[in-house]
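Quick notes on the structure that follows.
The values are calculated or read from the model by the stated rules, or taken from the named source; none is laboratory data. What you are looking at is a predicted structure, and each value in this text was computed from that prediction instead of being measured. Glycine gets a Cβ as well: all are built from the backbone with ideal geometry, and neighbour counts include every protein chain shown.
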Amino acid sequence: MKHYTIRSYNFSKPFEIRPIALMCCNLLMSAHVEKKIFIHAFCLMPDHLHLCLEGAIEDEGFLRRWKSFTTHESWNLGWQGKLWQERSFSKTAFTTISEIRIVEYVLRNPEAAGLVSRWKDWPYWAEPRFGKKGWDT
């Protein structure tokens, strides 16, 4: 499993805008359901995305296309300019225990950041492999 941290451009907070956040989350879920990628978990924060994917080589191409597509879609929702930083940070988990720890870190990120008192109260998280997500639409 590989854990990606992808920051918004210039540390802006585009994902405080609900339609943009939902668009990004729904497109990730669709990619998982359509088996374009296998997502263990993700959490979209106001200024970055934590994303845990299975695989590695194909993921880089998918992420590049996904970032480009979500940027263009965000313009339709009123965003101006770039949405994502060009590069991302990634870390590979080699054991099941490290995978579990990383997924817990990703899902608990909003609580650790003080955005919610319980991580499940944050709307923009998902564990697609279990069919779980934090938003309704």
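Residues of the stretch 78-107 that are surrounded by 13 or more Cβ atoms within 10 Å (Cβ to Cβ) and within 21 Å of N26 (Cα to Cα): W79, K82, L83, W84, Q85, S88, V103, V106, L107. From the list F69, F42, F62, the lone residue that is touching a residue at least 40 places away in the same chain (Cβ under 8 Å) and either assigned to a loop (DSSP other than H, G, I, E, B) or farther than 21 Å from N109 by Cα (or both) is F69. When the residues of the stretch 61-80 are filtered to those that are closer than 15 Å to I17 by Cα and not aromatic (F, W, Y), the one that is nearest to the chain's Cα centre (by Cα) is T70.
Within the stretch 37-77, restricting attention to residues that are more than 24 Å from I102 (Cα to Cα), at pLDDT 95 or above and not hydroxyl-bearing (S, T, Y), the residue that is surrounded by the most Cβ atoms within 10 Å (Cβ to Cβ) is E73.
Could you grab me the full set of residues in the stretch 85-119 that are outside any helix (DSSP H, G or I), over 12 Å from A41 (Cβ atoms) and either of a type in the set (K, R) or touching a residue at least 40 places away in the same chain (Cβ under 8 Å) (or both)? Reasoning before the result, please.
Residues of the stretch 85-119 outside any helix (DSSP H, G or I): 85-95, 113-118.
Right, trim to over 12 Å from A41 (Cβ atoms) and you get 85-92, 94-95, 113-118.
Those that are outside any helix (DSSP H, G or I), over 12 Å from A41 (Cβ atoms) and either of a type in the set (K, R) or touching a residue at least 40 places away in the same chain (Cβ under 8 Å) (or both): Q85, R87, S88, F89, S90, K91, T92, A113, L115, R118.
The condition of being in contact (Cβ under 8 Å) with a residue 12 or more places away in the chain and within 23 Å of N10 (Cα to Cα) holds for only one of G134, G81, that being G81. If only residues of the stretch 120-131 that are in a helix (DSSP H, G or I) and touching a residue at least 40 places away in the same chain (Cβ under 8 Å) are counted, the one that is farthest from M29 (Cα to Cα) is R129. Determine whether K82 is assigned to a loop (DSSP other than H, G, I, E, B), at pLDDT below 90 and not aromatic (F, W, Y). The answer is no for K82.
The residue of the stretch 13-33 that is nearest to L49 (Cα to Cα), among those that are touching a residue at least 24 places away in the same chain (Cβ under 8 Å) and among the small types (G, A, S), is A21.
Across the stretch 92-137, the qualifying residues are those that are small (G, A, S) and touching a Lys or Arg at 6+ places or on another chain (Cβ under 7 Å), and the one among them that is farthest from K35 (Cα to Cα) is G134.
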